[in-house]
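Here is the structure we will look at.
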Amino acid sequence: MIAAHWKNIGNSTYIKKEIYSMEWDVDLKQQVAVAAPFAGPIAVMRDSTKFVEVNSQNMKPYLKIYTAAGTLMSQMIWDSSKKIVAMDWIEKERLVLVLQDATVLIYNIFCELKTQFTLGDVVRQEEILECKIWSDGIVVLTSAAKLYSVPSINDFFEENGKVIRLPQIPEEFGEKRPEWAILEPQFSLTQSLEIYMSINGTLYLIDEDKVEAQLDSTDILLKMEISPCGKKLACFDRKGTLLILNIDGSHSSAPERMDTKSPKVPTLKWCGSDGIVMYWDSIAKEPVFIFFSNGDWAKITLEQPVSLVTEIDGVRIISDTTSEFFHRVSDVTVDLFKIGTTSPSSILYDATEHFINKSPQADESIRSIRDSLQDAVNSCILAAGYEFSGAEQSKLLKAASFGKCFLDSYNPLPFVTMCRNLRVLNAVRHHEIGIPLSIQQFRYIGIDELIDRLINRRKHLLAWRICDYLKIKSDVVLNHWACTKVRTDIPDQELSQIIIKKLESVPGISFANIASQAFLSGRSKVATKLLEYEPKAAEQVPPLIKMGESGMALNKAIESGDTDLVYLVLLSMKRNLEISHFLEVTFSKTVALDLLINMCKQKNDLPLLREIYDIKGQIREMSNIFLTEAFRNPDLDGRMKAYHKAIDCLRQSKDKEDQSTLKNVEDQIKLEMLQKELETSLQEQFEGMSISDTIYKLISLNQGKRANSIKSEFKVPDKRFWWIKIKALSIMCDWEELMKFSKDKKSPIGYEPFVEVCLEQKNQIEALKYIPRITESLPKVQFYIQISYFREAADIAFKEKNVDLLNLVAKKCTNPEVLKVIEQMFQQLRR
């Protein structure tokens, strides 16, 4: 029964099996049907290139999207003024429509516009001649013979997409369009998009950087198609010859050829990567397709026009009434069911039937394949995966189960895995779901992608049951269900209870994500309610900010103990609220207020900080802000205003420290006013100098009287003044004035500073004048040693009868004669 519909083509066996009886009312003679790969949905639109008799049903052009079983999922009225140049599916089952005006529209399976963008003014002006869409991009050929590429449509969802111009086409092609095909980046050696283009009999390879000639073909190519594996290129020339080239860099075998002798160009579609299907919608008055593989071919006549969809393991044949799948029969299935087979798996299959019928031949059959029983069991398991019929799957799995009972040690994991996979596949293949995935396609996309497809179709219950059955996390399903639910018209209170009751006990659910979706859908009350159940403050606070719930966001941030979150809320409130309202909310939270003050200090936000201190009545902090503003203000009048504001604050306080600060501020005002007068009279820069620097500069300018006046007015201590004047006179090398100053009265700082400034200016002669006036022996000796007056240093030490000082002189002395004198001094002191 199974082998009855097989067709042998060369060394392989193929079958065309019906998957669905289509539920739609579609005429493919008048409409264009574009199906997504991996058992995806079908987009149908009226063919604008054909004349159609207008009636009440097709008066308005519709874009309709069906499941693979022909069940209508969604539809929309299409504006006929928008001319479509290309329509196809990309990843995540998104439908891309490219319009003649260079606009690109992207819809989901419910005809909801997800995003749109333009290919640019240049492309629009040059006019699109042809456009091809691949799994994540677009390439257009313009009438100006230029190629433009969209490397990633996904980037436009994140608003960072780009359109790039590819290298110039090497030849003029005139009115005859060149034929071309796209090799996707994952298959190219450069990991970038590549284009094979045939122009005037030459095949070129074009990528983002260069153009290379690949080969000179025998004739002009009219059709090209690249295999799903990216290793083969099928070409159809104007003589009706099919040519299959290797494009993976392998030149070990000559290209395959087939002369169809057809004057009409067929539709080319790959059947997996095994062979190529050539489809003519009207040859000999009936649709036919020829399948060609490894030099062998077969002609199949169809009853009605079809639309073909390449899959990784076959080709879907979609007609007005049926959906069929043409594919190669697996080797394990051939071994099981081919006529006259005696394979161990076939014997095991028959033995199971005998056992069910209680025939003793079952035992005899099992004994005959004892040595190959494990391989037979594995073959039955694999064969079950390739079957679409639930009855045949059951028979094959029963055979495998029966056979493994006779094995001493058998790993049940492959059997269990296959049972689970088939249960999932049978569920999604049901005509109400309409995803007829084969086992190879399912393994290729994986369970996560299948779950995504189900939830995008809003089949949440089935997706959740599959997750529960396979023991995988279902939070993605529930999250999507809730995000979909908030877009319904259920009353807010009831909706909140439904979602919370369903998700409250589910770990890993992001209530923040659902709340954000609810807010975007205009359900702010629902969003606020849901956020109360979000366990992560970092996920809870940002949505509250977006929703304008600043008070609640601030409370949640404070409760979390995360200062970064509190700062985030404060910044948002400061940006979006009136200052009075902002401060009112902040002052009600001590923690928030303290962090706000700290933030203002870090960001030097003095106006806000001043307002906070004014409300709190913190006089000292207020005065400090005014002083800070004064010090940063380059304008004297501005500084004076700030100083006086600081004085007004400080006068309100009776604290001694504040009164001391008040006196200092008044002195600063007097100093700056005095410096202004000095600048006017002396034409020198004094602004920004301290009192000491001002006195120093005046002395340097021979303005001793003014320096003395400032000393008196600002009560500069004598010690500081003497240091300033000594330093200034030494820098000026005014040694006469320095000596006169030293004799004016007794120095309050001693005479060591006089010696030091002289030595700093490398004037030992002047230094010698002051050393004898030093009262203490140790500094006097050290200075003599420093200027190499060892004898004078030794005399002082001897006079003081200080052996330690004499030892110090002896260690530093480099004069032999003085050393002899020092030795005599030692002898006298020892007596």
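The values are calculated or read from the model by the stated rules, or taken from the named source; none is laboratory data. Everything numeric in this text was worked out from a predicted model, so none of it was measured. Methodologically, a virtual Cβ is constructed for each residue, glycine included, from the backbone with ideal geometry; neighbour enumeration extends over all protein chains shown.
When we screen ARG453, ARG423 for residues that are among the basic types (Lys, Arg) and closer than 18 Å to GLU392 by Cα, the only hit is ARG423.
May I ask you to verify whether SER198 is out of contact with any Phe, Trp or Tyr (no Cβ under 9 Å at 6 or more places or on another chain) and modelled with pLDDT of 85 or more?
No, not satisfied.
Residues in segment 424-446 that are within 13 Å of PHE325 (Cβ to Cβ), assigned to a helix (DSSP H, G or I) and of a type outside the set (A, V, I, L, M): ARG429, GLN440, GLN441. Going by the conditions given, is SER227 within 18 Å of THR310 (Cβ to Cβ) and polar (S, T, N, Q)? Answer is yes for this residue.
Scanning segment 545-580 for residues that are more than 18 Å from LEU531 (Cβ to Cβ), of a type in the set (A, V, I, L, M, F, W, C) and not in a helix (DSSP H, G or I) yields one hit, LEU577.
Each residue in segment 285-315 was checked for being among the hydrophobic types (A, V, I, L, M, F, W, C) and over 23 Å from ILE435 (Cα atoms), and 9 of them qualify. Among the residues of segment 505-535, the one identified as charged (D, E, K, R), under 15 Å from LYS556 (Cα atoms) and assigned to a helix (DSSP H, G or I) is LYS529.
Here is a list: GLY230, GLY240. Which entry is surrounded by fewer than 19 Cβ atoms within 10 Å (Cβ to Cβ), under 20 Å from PHE289 (Cβ atoms) and either touching a strand residue (DSSP E or B) at 6+ places or on another chain (Cβ under 9 Å) or of a type in the set (Val, Ile, Thr) (or both)?
GLY240
Scan segment 273-306 for residues that are surrounded by 16 or more Cβ atoms within 10 Å (Cβ to Cβ) and either assigned to a strand (DSSP E or B) or modelled with pLDDT of 95 or more (or both) and the total you get is 18. Checking the structure you have, find out if any residue of segment 669-689 is crowded, with 18+ Cβ neighbours inside 10 Å and not in a helix (DSSP H, G or I). Yes, segment 669-689 contains at least one residue that is crowded, with 18+ Cβ neighbours inside 10 Å and not in a helix (DSSP H, G or I). For segment 206-219, taking the residues that are within 19 Å of ILE276 (Cβ to Cβ) and outside any strand (DSSP E or B), the one that is modelled with the highest pLDDT is identified as ASP219.
Any residue at all in segment 766-782 that's without any contact (Cβ under 8 Å) to a residue 24 or more places away in the chain, among the β-branched types (Val, Ile, Thr) and closer than 30 Å to LEU805 by Cα? Within segment 766-782, one or more residues are without any contact (Cβ under 8 Å) to a residue 24 or more places away in the chain, among the β-branched types (Val, Ile, Thr) and closer than 30 Å to LEU805 by Cα. Among the conditions (1) within 33 Å of the chain's Cα centre (by Cα); (2) under 28 Å from ILE220 (Cα atoms), ASP121 misses just one, which is (2).
What tally of residues in segment 505-527 results from selecting those that are touching a Leu at 6+ places or on another chain (Cβ under 8 Å) and surrounded by 15 or more Cβ atoms within 10 Å (Cβ to Cβ)? Within segment 505-527, residues that are touching a Leu at 6+ places or on another chain (Cβ under 8 Å) and surrounded by 15 or more Cβ atoms within 10 Å (Cβ to Cβ) number 8. Of the residues contained in segment 493-503, none is found to be surrounded by fewer than 16 Cβ atoms within 10 Å (Cβ to Cβ) and closer than 21 Å to PHE110 by Cβ. One residue stands out in segment 463-490 among those that are surrounded by fewer than 20 Cβ atoms within 10 Å (Cβ to Cβ) and farther than 20 Å from ASN513 by Cα: the one that is nearest to the chain's Cα centre (by Cα), namely ILE472. Inspection of segment 745-755 identifies no residue that is free of Cβ contacts under 8 Å to residues at least 24 places away in the same chain and in a helix (DSSP H, G or I). Of everything in segment 161-187 that is within 31 Å of the chain's Cα centre (by Cα) and in a loop (DSSP other than H, G, I, E, B), the residue that is farthest from ILE106 (Cα to Cα) is PRO167. Only one entry in VAL98, VAL123, VAL104, VAL139 is among the aliphatic types (A, V, I, L, M), part of a helix (DSSP H, G or I) and in contact with a strand residue (DSSP E or B) (Cβ under 6 Å, 6 or more places away or on another chain), namely VAL123.
Go through segment 24-46 and give me each residue that's surrounded by 16 or more Cβ atoms within 10 Å (Cβ to Cβ) and assigned to a loop (DSSP other than H, G, I, E, B). Full working, then the answer.
Going through segment 24-46, the residues surrounded by 16 or more Cβ atoms within 10 Å (Cβ to Cβ) turn out to be 24, 26, 28, 31-46.
Correct list: TRP24, VAL26, LEU28, ALA36, PRO37, PHE38, ALA39, GLY40, PRO41.
Only one of (1) over 27 Å from ASP564 (Cα atoms); (2) part of a helix (DSSP H, G or I) is not met by CYS600, so which one is it? Unmet for CYS600, out of (1) over 27 Å from ASP564 (Cα atoms); (2) part of a helix (DSSP H, G or I): (1).
Filtered by the rule that a residue be touching a Gly at 6+ places or on another chain (Cβ under 8 Å) and either among the polar types (S, T, N, Q) or at pLDDT below 75 (or both), segment 45-91 gives THR67, THR71.
Which is in contact with a His (Cβ under 7 Å, 6 or more places away or on another chain), surrounded by 13 or more Cβ atoms within 10 Å (Cβ to Cβ) and in contact (Cβ under 8 Å) with a residue 12 or more places away in the chain, of ALA69, ALA3, ALA86? It would help to see each step written out before you state the result.
Details: ALA3 fails: in contact with a His (Cβ under 7 Å, 6 or more places away or on another chain); ALA86 fails: in contact with a His (Cβ under 7 Å, 6 or more places away or on another chain).
Sole residue among the options that is in contact with a His (Cβ under 7 Å, 6 or more places away or on another chain), surrounded by 13 or more Cβ atoms within 10 Å (Cβ to Cβ) and in contact (Cβ under 8 Å) with a residue 12 or more places away in the chain: ALA69.
Among the residues of segment 424-440, not a single one is at pLDDT 95 or above and either more than 30 Å from GLY70 (Cβ to Cβ) or more than 49 Å from the chain's Cα centre (by Cα) (or both).
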